[in-house]
Amino acid sequence: MDIMDTIKQQIEENDVILYMKGSPNAPQCGFSMRTSQAVMECGQRFAYVDVLSNPDIRTNLPKYANWPTFPQLWVKGELVGGCDIVTEMHENGELKTLIESAATPAE
Amino acid sequence: MKIQTAITQKLEQHFSPAHLEVVNESHMHSVPPGSESHFKVVLVSENFAGLRQVPRHQQVYKVLADEMAGEVHALALHTYSPEEWQATGMAPDSPQCLGGSKADQ
């Protein structure tokens, strides 16, 4: 599958997906750590992709997103933002509201 | 100082900022001394009034496309309209490095 199709599919099939450096439990970048912690604190399940181990996605997602850096948080197919935006939304409570409304309820 | 100067000039030209800070934060990261890889930008402009954060940042990334495609690795962006800036008055600190750039070498 074409890499752009793969990205599109990931973003469409996951209500909350975080593209980051490393993993939420072992982030490899301070910006990714801060962002993944904010998302984890919302208490819902979310998908993540480690772009350090997926170089094709790291190269091509910035073109798809018109956004040159990581992390990137996507909710319901839409780019929410990078570290600065997500941190601000976490602090003012918007992030939790957004993620709770988007996440698939736990079974 | 070359990249820092270019960033400052481009942002001044494009956004006519009411307030602009371009801080080289590369020393906080795992890069050689004198690097121009990590920056923090605080930008207050009338252009941002009524816009959500994602399109604001996309405007900045577009203006700085050459820098982002080159040596600049991270750009912490804090964008405000003049009204928002009056209400806030300061931008948050950037996170400390965890060494991820080493994976690039």
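The values are calculated or read from the model by the stated rules, or taken from the named source; none is laboratory data. Owing to the predicted nature of the structure, the values given are computational and were not obtained by experimental measurement. Quick reminder, even Gly has a Cβ in these numbers, built from the backbone with ideal geometry, and neighbours come from all protein chains shown. Note: accessible area is taken over every heavy atom of the protein model, side chains too, but ligands, DNA and RNA are not part of it. Shrake-Rupley method; radii C 1.70, N 1.55, O 1.52, S 1.80 Å.
Structural remarks
- Residues in the range A:66-107 that are aliphatic (A, V, I, L, M) and at pLDDT below 95 were compared, and the one that is most open to solvent (accessible area, probe 1.4 Å) is A:ALA106.
- Taking the conditions (1) open to solvent by less than 20 Å² (accessible area, probe 1.4 Å); (2) closer than 19 Å to B:HIS73 by Cβ in turn, A:ASN60 satisfies each one other than (1).
- Breaking point among (1) without any contact (Cβ under 8 Å) to a residue 24 or more places away in the chain; (2) open to solvent by less than 50 Å² (accessible area, probe 1.4 Å); (3) closer than 17 Å to B:VAL54 by Cα, for A:GLY30: (3)
- Scanning the range B:67-105 for residues that are at pLDDT below 90 and within 14 Å of A:PHE70 (Cβ to Cβ) yields B:PRO95, B:LEU98, B:GLY100, B:SER101, B:ALA103, B:ASP104.
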